[in-house]
Amino acid sequence: MTIFDAVVEQWGGRSAVAAALGERRLHGRLEPDVAASLMTWTDVAQVLVGHRLTPPEINLIETTGRRVNPARYVDSTSSPRRQRMPLVDLAAVAEILGTGATLVVNDIDTVLPTIGATAWDLSELVGEHVGTHLYATRGATPAFPPHWDVVDVLVVQVEGAKHWDVYGPGTPNPISPATDPDNVQPPEPEWSGVLRPGDVLYLPRGWWHGVRGTGGTSLHLSYGFQSQTGLAYLAWLTMLAKQAAPFRTDVPHTGADDVEQHAKLLLESLVQLARDHPLAEYLAEHAGGLGRPDRPHLDGVT
């Protein structure tokens, strides 16, 4: 049993979820106490101090989208020890949160085993590597202006509430802001609503959305994953091509006939490489790398 079983059932089962990935928004519900068990503000404080997290592992983001200067909340000057081992000032973090800023703890699944277990559960469901970020806010100010992400996201509201405006996709299947500057925000939201403890929201890559607080405090987890694309397969073939003689040979610089002949050789070699290593082989290799890691241990130590 995983925490996601309930929402998978609400969404029609694993096959229905697989068909929806990358295509449409999904909205489901966990029991509020299940969501609340994932993270508390005390857990957040213990993570920041106990694991000595500092930027870029954590960031405070202003309502404008700008990062807060770490010097405002990271003590790295009060003593020689702090110069070697900076420490987050929790009082300063609380003060900055009071201005409407958002605390982001990146890859919290690598820090807390309980969150890591849920990330692996989701990885087994979607067939992709999953990373998890924590977002902590208080107040009613915008947490982030409308934007889109380069990964699919599944949001679990843990505590408090957040208002979401989901505008939907602009450019189909965008890759990054650099390659898709024309991914323009749709004029009106296709869905608006408030996520409360236990609410789960899935958005495909590239879907525009804006988030703002509703007053009080809020904690939510954002599980992100990037589905495999033809570009990923092509990159894999490129790695294999490094061992193929036609691709290691210098290309000719003179003689139109030589260039044309070499181009023909490269094309034929690429086609043959794809035939020898089809997409199914790549997907099988990718799936084989998704196994849940063994629990850490020291051999011979009990």
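So the values come out like this:
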item: Residue in region 233-240 that is under 22 Å from the mean Cα position of the chain (by Cα) and not aliphatic (A, V, I, L, M) present; result: yes
item: Sole exception among (1) touching a Pro at 6+ places or on another chain (Cβ under 6 Å); (2) more than 23 Å from G210 (Cα to Cα); (3) modelled with pLDDT of 95 or more for A35, by number; result: (2)
item: Residue in region 177-188 that is in contact (Cβ under 8 Å) with a residue 12 or more places away in the chain, open to solvent by 20 Å² or more (accessible area, probe 1.4 Å) and within 27 Å of V44 (Cα to Cα) present; result: no
item: Residue check, V74 under 27 Å from Y202 (Cα atoms) and in contact with a helix residue (DSSP H, G or I) (Cβ under 9 Å, 6 or more places away or on another chain); result: no
item: V166 being more than 19 Å from I61 (Cβ to Cβ) and free of Cβ contacts under 8 Å to residues at least 40 places away in the same chain; result: no
item: Yes/no for A263 being open to solvent by 30 Å² or more (accessible area, probe 1.4 Å), touching a Ser or Thr at 6+ places or on another chain (Cβ under 9 Å) and more than 30 Å from D121 (Cβ to Cβ); result: no
item: Selection from region 82-102 of residues that are touching an Asp or Glu at 6+ places or on another chain (Cβ under 8 Å) and free of Cβ contacts under 8 Å to residues at least 12 places away in the same chain; result: R82
item: Members of region 182-210 found to be in a strand (DSSP E or B) and under 18 Å from P169 (Cβ atoms), listed by number; result: W191, S192, L201, Y202, L203, W207, W208, H209, G210
item: Residues being among the charged types (D, E, K, R) and surrounded by fewer than 19 Cβ atoms within 10 Å (Cβ to Cβ) - total across region 156-175; result: 1
item: Complete set of residues in region 72-98 that are more than 23 Å from V111 (Cα to Cα) and at pLDDT 90 or above; result: R72, E95, I96, G98
item: Residue count for region 87-136, restricted to those that are among the hydroxyl-bearing types (S, T, Y) and farther than 20 Å from V68 by Cα; result: 5
item: Test for V153: is it within 12 Å of the chain's Cα centre (by Cα), in contact (Cβ under 8 Å) with a residue 40 or more places away in the chain, surrounded by fewer than 21 Cβ atoms within 10 Å (Cβ to Cβ) and within 26 Å of T2 (Cα to Cα); result: yes
item: Filtered residues of region 1-15 (kept if out of contact with any Gly (no Cβ under 6 Å at 6 or more places or on another chain), assigned to a helix (DSSP H, G or I) and open to solvent by 30 Å² or more (accessible area, probe 1.4 Å)); result: D5, A6, E9, R14, S15
item: Criterion: open to solvent by less than 60 Å² (accessible area, probe 1.4 Å), on the phi > 0 side of the Ramachandran plot and in contact (Cβ under 8 Å) with a residue 40 or more places away in the chain - qualifying residue of G224, G255, G216, G210; result: G216
item: Wholly within region 17-135, strands (runs of 3 or more DSSP E) carrying at least 2 residues that are of a type outside the set (S, T, N, Q), closer than 28 Å to W164 by Cα and open to solvent by 70 Å² or more (accessible area, probe 1.4 Å); result: 26-29
item: Members of region 126-146 found to be at pLDDT 95 or above and of a type in the set (A, V, I, L, M, F, W, C), listed by number; result: V126, V130, L134, A136
item: Subset of region 37-59 [of a type in the set (D, E) and farther than 14 Å from P113 by Cα]; result: E57
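The values are calculated or read from the model by the stated rules, or taken from the named source; none is laboratory data. This is a predicted model, so every value here is computed, not measured. All Cβ positions, even for glycine, are placed from backbone atoms using ideal geometry, and neighbour counts span all protein chains on display. Accessible surface is based on the protein model in full, side chains and every heavy atom, while ligands, DNA and RNA are left aside. Shrake-Rupley method; radii C 1.70, N 1.55, O 1.52, S 1.80 Å.
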